[in-house]
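The values are calculated or read from the model by the stated rules, or taken from the named source; none is laboratory data. Keep in mind that what you see is a predicted model, and the values were worked out from it rather than measured. Cβ sites come from the backbone with ideal geometry, for glycine too, and all protein chains shown count toward neighbours. Just so you know, the surface numbers come from the protein's heavy atoms only, side chains and all, with ligands and any DNA or RNA stripped out. Shrake-Rupley method; radii C 1.70, N 1.55, O 1.52, S 1.80 Å.
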Amino acid sequence: AALKYIEEHHSEIDIIMLDLIMPIMDGYKFLEKLNDNSLCKDIPVIVTSQAGEISEAKALSMGAADFMAKPYSKEVAVQRVNKVLAKTVRNKSDPSSDTKINTEKWDSLTGLYSNQELEFLASEYLSKKKDTPASIIVIDIDNFKLINQSLSKEEGDGILCRIADTLRTQFNENCLISRQTDEFIVFIKNGLSENSLRFCLENLSQSLRYEVRGISVTCSMGACMCPEYGSDYKILYHNADIAMLISKSLGKKFYSHCHIQGTCM
């Protein structure tokens with residue numbers, strides 16, 4: 001009944017929240033049928049279920065736009081939905097954007113990797129050896145849209161370049177760093193211990209704080225460790241991204257990593 005309704009109203013549907021555990025047909029089968037329907041396959045789907053690397057990896061590999069582990073708060077759910085919708089709107093406004101991004105290895109403004117190139121290189125690194133240690137940090141500039149509106153384009157670009165330079169200084173050649181819009185990702189080969197990661201996040205919290213014409217620039221961060229919380233890049237990124245959103249929900253300027261939460265005020 002749901003599939004029939006979605007097919008009949010596909011042009012009115014912006015997003016689908018799909019639970020993996022359902023009677024009659026499970027979420028995987030539903031997602032498979034959705035992907036086989038030319039009218040519905042482009043509707044973004046956020047899969048929800050109990051946390052587990054297998055279920056997350058399978059859902060993402062089947063084309064899910066995101067995965068949300070239960071239990072989740074309303075605030076995190078809203079953030080995930082908004083993020084997926086924003087990405088969908090960008091792709092619709094520029095149909096060639098996906099192709100363009102995938103073929104570019106570098107961010108033209110900062111000289112860092114593109115997110116897609118970092119994902120390729122990190123996945124290649126993780127595939128060489130089972131349970132290879134690694135850490136990933138997702139960094140998002142707080143209120144960057146509003147900051148950009150208050151400053152000139154050159155000043156906004158200057159903030160992005162300054163953050164890129166700070167990250168280059170903080171991390172060595174054993175780390176991969178990427179930037180896309182107002183998000184930065186750091187992938188640390190060989191990983192960090194939990195204490196070292198906490199120290200790293202505390203330093204970044206201080207280093208990534210600027211004043212531009214009286215406007216305070218801060219960042220929220222989330223981190224994840226491999227193999228403790230995932231061994232697939234998409235899972236690691238997803239968990240670090242969730243941690244970053246938790247940081248934002250705590251009041252921004254925060255960092256978060258599974259059992260680690262804090263801020264530098």
(request) Would you kindly state how much longer the chain becomes between residue 109 and residue 5 on full extension, computed as 0.36 nm times their sequence separation minus their alpha carbon distance, in nm to one decimal? (result) 33.0 nm
(message) Please report the antiparallel percentage of the DSSP beta bridges confined to the chain, to the nearest 5.
(response) 70
(request) Using only Cα atoms, tell me the angle between helix 27-36 and the longest principal axis of the chain; keep it within 0 to 90° and round to the nearest 10. (result) 80
(message) With +1 assigned to the C-beta of every Lys and Arg and -1 to the C-beta of every Asp and Glu, and no other charges, what is the dipole magnitude of the chain about the Cα centre in debye, to the nearest 20?
(response) 320
(request) State the extension gain, in nm to one decimal, for the chain segment bounded by residue 146 and residue 174, taking 0.36 nm per residue of separation less the distance between their alpha-carbons. (result) 6.7 nm
(request) Return one number: the angle in degrees, 0 to 90 and rounded to the nearest 10, between the long axis of the Cα atoms of helix 153-170 and the longest principal axis of the Cα atoms of the chain. (result) 80
(message) Need one number for the chain: average projected area of the convex hull over its C-alpha atoms, nm².
(response) 14.9
(message) Quick check: pseudo-label points 7 Å beyond the Cα along Cα→Cβ at residue 190 and residue 211, how many nm apart are they?
(response) 3.9
(request) Report, in degrees rounded to the nearest 10, the 0 to 90 angle that the Cα long axis of helix 115-127 makes with the longest principal axis of the chain. (result) 80
(message) Report, in listed order, any pair from 58/130; 105/145; 74/153; 41/248 with a Cα-Cα distance greater than 28 Å.
(response) 74/153; 41/248
(request) Divide by every residue of the chain the summed helix terms, -39500 (n - 2.57) for each DSSP H run of at least 4, and state the resulting mean residue ellipticity at 222 nm, rounded to the nearest 500 deg cm²/dmol. (result) -14500 deg cm²/dmol
(request) Would you tell me the accessible area of residue 110, worked out with a 1.4 angstrom probe on the heavy atoms of the protein chains, in Å² to the nearest 10? (result) 20
(message) Please compute the length gained on full extension between residue 21 and residue 157, using 0.36 nm multiplied by the number of residues separating them and subtracting their Cα-Cα distance.
(response) 44.5 nm
(request) Using a Förster distance of 35 angstrom, determine the FRET efficiency expected from the C-beta separation of residue 128 and residue 202, and round it to 0.05. (result) 0.70
(message) With a 1.4 Å probe and all protein chains left in place, how much of the accessible area of the chain comes from carbon and sulfur atoms, in whole percent?
(response) 52
